[in-house]
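The values are calculated or read from the model by the stated rules, or taken from the named source; none is laboratory data. Quick caveat: nothing in here was measured; it's all calculated off a predicted structure. When we count neighbours, we look across all protein chains shown, and the Cβ atoms used for this are built from the backbone with ideal geometry, even at glycine. Accessible surface is based on the protein model in full, side chains and every heavy atom, while ligands, DNA and RNA are left aside. Shrake-Rupley method; radii C 1.70, N 1.55, O 1.52, S 1.80 Å.
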Amino acid sequence: MTHCPEPPSDRFCDLVMKGGIASGVVYPKAIAELSHHYRFQSIGGTSAGAIAAAVTAAAEYQRRRTGSRAGFDLLKGLPKELGEQSAVPGKRKLLSLFQPQRPLRRIFSVLIGALNHKKTSSRIWSIIWGFIRAYWPETVSAGLIALLVGLLGLGWFGAGLTLVLTVPGLVGRRVYHDLTKELVAHDLGLCTGLTEPDSADEALTPWLHNLIQKAAGLPIDGDPLTFGQLWDAPGFPPAWLKVPDELSRRSIDLQMFSTNLSHGRPYIFPLPDPAPTQTKYRTRERLYFRESEMKRCLPDNVVKWMVDHSQPYIMEPGREGEDPSTDDPTAEGLRELPEPKHFPVLLAARMSLSFPFLFTAIPLHAINYDVPSHRKFQRCWFSDGGISSNFPMHLFDGLVPMWPTFGLNLEPEIEGRDLVFLPQTYAQGYGERWSDIPEQQGASTLGGFIGAIVGTMQNWNDNSLMRMPGVRDRVARIRLKKDEGGMNLNMEDTLINTVAQRGEQAIDEILRRFLAPASNGRRINGWDEHRFVRLHVLLKMLAARSPGVVDALNPNCQHTTDFPVLFQNMMTNQTDPPPGYEEPMTPAQCQVLKTLITNVQALAAAMTTSTESIPFKPIPGPELRVRPPL
């Protein structure tokens, strides 16, 4: 598709990108290409997708403020930069971003040595040889012990048997120490993300910080880009979108997933804004940080910003005897995270890309309310967002879209299939995703089975959503070969460029479908078709739920109190406010509820009967659910 200099000022799109460590090299050229045709309103991602999302938001911020495309030009050049030689001969820039902490370098060397092996068996042998080579003092000690055994008269057989037994024993003992002592002592990650003292190369986190600042048109040594700056960028909302004064619209809405392992659920950063008025109900999580801990994973100027825009822990009024006091040892040095508008974009990206054991988890703190008394602060381990949702396509979806939300999904190569796929008709793209579990192939079968278990736990929700009508037609599936992306941190420059061009190809497919005029006798293009499908999906979801609503609101529903009567009873009970209310219910509120019930009954009844005449077939069928926000 031919480039336009700049898209119309009011043509927007949202973009969601999947995580995948080194697979993130897919995104830069794709984003730069898409920026010629759309302005980015909402951008989201996980892990490597969060890195791409952060830089995309920064580049859009500079474009909105100054009209400059410098941020997108910077993105377009990233694949070339990542393929260049680092300061260490034989190492590419991409690999140099991953710098292990000194006590964990031997484990890291084993990991790197196991990369780029297509078969499970060859990968296992590479790991075994990697341990022998990395832990050579233990290997040499085992050899000396075996030699001594042979010299003492047990012969070469005895020496060989001793070697076979002592090498795993001595190496395993040291590996066990490194994993259970050193890894734990260093926040459960081989790399902090910061540059190691003896490294001539820049590590991932300072490199990303500089990239974000440059893309945003901000000084590298100045204040870090924050979410509030993105929200207040000019150019949104467009004139045709009327936003009530009491509602706020984020000009650039960047969101990134992280996983709070201590709470067992995903978090989306930035966190929700605090309640505008004082309330007795807790409306958001209160998370705290220690300056010393943040300095182990963020540049100093970003940590200083956090300290300058945060408050030390103060017990909430009325919580005496329930929450820790300010002089409690566990509260020492804790400061509440900066409010969302002051939250650094870099911190959110770093929290999202904390790939388990490769990068240190981010240690925040919260009060453990499971404990009935003498509550203390406990550490919350924030790890990779991909643990809970590696491709959060649902992030920005309204019930009916005003502009498209595109997705870039990463998946393994499928033999006989194109390396880039975007459904072109409604009847395409809803087939199941398959995990490759080889049959009767020893280690490969075992590895495939274990990988399928982990993949299902991680991706079942994302995989289910991508099959849905109104979703699958806007998700470009980019397929990567075994030596491309993922944990292949040491890809050659030519391979990095090949993967990057595949992302650009995916955007070309999206643009042909959503922006090109209708062809082949069709009356509508892909965007109109998408909106048509999304409207029908909404109607089908409402229709499916409507009979249950009609029955539940029926005054004849047995063993229940009719809602209008229930409202009246709640209003006349002035002793305690109704659940969820902070004050007693007023007659005006009671009347509003009665009117709403009448309107909901009428809508549900109409949906139940009217949609029966609409022959739209949702494949697969949608379902409207009630669930809490993340």
Selected residue (criterion: surrounded by the most Cβ atoms within 10 Å (Cβ to Cβ)) from residues of the stretch 325-346 that are small (Gly, Ala, Ser) and within 24 Å of residue 258 (Cβ to Cβ): 331
Being open to solvent by 10 Å² or more (accessible area, probe 1.4 Å), within 23 Å of residue 263 (Cα to Cα) and part of a helix (DSSP H, G or I) narrows it down to one residue among 293, 285, 322; which is it? 293
Filter pass, residue 316 being closer than 30 Å to residue 195 by Cβ, touching a Lys or Arg at 6+ places or on another chain (Cβ under 9 Å) and among the acidic types (Asp, Glu): no
For the stretch 371-380, does any single residue satisfy the condition of being polar (S, T, N, Q), within 18 Å of residue 471 (Cβ to Cβ) and in a strand (DSSP E or B)? no
Let me spell it out: the conditions are (1) out of contact with any His (no Cβ under 8 Å at 6 or more places or on another chain); (2) open to solvent by less than 80 Å² (accessible area, probe 1.4 Å); (3) at pLDDT 85 or above; (4) not polar (S, T, N, Q), and residue 376 meets all of them except one. Which number is the exception? (2)
Filter the stretch 452-466 for residues that are of a type outside the set (A, V, I, L, M) and open to solvent by 40 Å² or more (accessible area, probe 1.4 Å); which is nearest to the chain's Cα centre (by Cα)? 458
For the stretch 223-236: of the residues being touching a residue at least 40 places away in the same chain (Cβ under 8 Å) and open to solvent by 20 Å² or more (accessible area, probe 1.4 Å), which is nearest to residue 359 (Cα to Cα)? 223
Look through 538, 480 and report the one residue that is more than 23 Å from residue 399 (Cα to Cα), in contact (Cβ under 8 Å) with a residue 24 or more places away in the chain and out of contact with any Cys (no Cβ under 8 Å at 6 or more places or on another chain). 480
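A quick yes/no check of all residues on (1) surrounded by 22 or more Cβ atoms within 10 Å (Cβ to Cβ); (2) in contact with a His (Cβ under 9 Å, 6 or more places away or on another chain); (3) within 21 Å of residue 270 (Cβ to Cβ):
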residue: 351; (1), (2), (3): yes, no, yes
residue: 357; (1), (2), (3): no, no, no
residue: 363; (1), (2), (3): no, no, yes
residue: 385; (1), (2), (3): yes, no, yes
residue: 388; (1), (2), (3): yes, no, yes
residue: 391; (1), (2), (3): yes, no, yes
residue: 402; (1), (2), (3): no, no, no
residue: 405; (1), (2), (3): yes, no, yes
Since residue 579 meets every condition but one in (1) exposed (fewer than 12 other Cβ atoms within 10 Å of the Cβ); (2) part of a loop (DSSP other than H, G, I, E, B); (3) more than 43 Å from the chain's Cα centre (by Cα), which condition does it not meet? (3)
Of those in the stretch 579-611 that are charged (D, E, K, R) and free of Cβ contacts under 8 Å to residues at least 40 places away in the same chain, the residue nearest to residue 553 (Cα to Cα) is 594
Scan the stretch 178-189 for residues that are out of contact with any Ser or Thr (no Cβ under 8 Å at 6 or more places or on another chain) and either at pLDDT below 85 or open to solvent by less than 60 Å² (accessible area, probe 1.4 Å) (or both) and jot them down. 178, 180, 182, 183
Those residues of the stretch 413-425 which are surrounded by fewer than 17 Cβ atoms within 10 Å (Cβ to Cβ) and in contact (Cβ under 8 Å) with a residue 24 or more places away in the chain amount to 413, 414, 417, 418, 424
Name the pairs whose Cβ atoms lie under 8 Å apart, with the first residue in the stretch 312-334 and over 15 Å from residue 373 (Cα atoms) and in contact (Cβ under 8 Å) with a residue 12 or more places away in the chain, the second among the small types (Gly, Ala, Ser) and open to solvent by less than 50 Å² (accessible area, probe 1.4 Å), and 6 or more positions between them or separate chains? 313/331; 331/325
Just one of (1) open to solvent by less than 60 Å² (accessible area, probe 1.4 Å); (2) more than 35 Å from the chain's Cα centre (by Cα); (3) hydroxyl-bearing (Ser, Thr, Tyr) trips up residue 610, so point out which. (1)
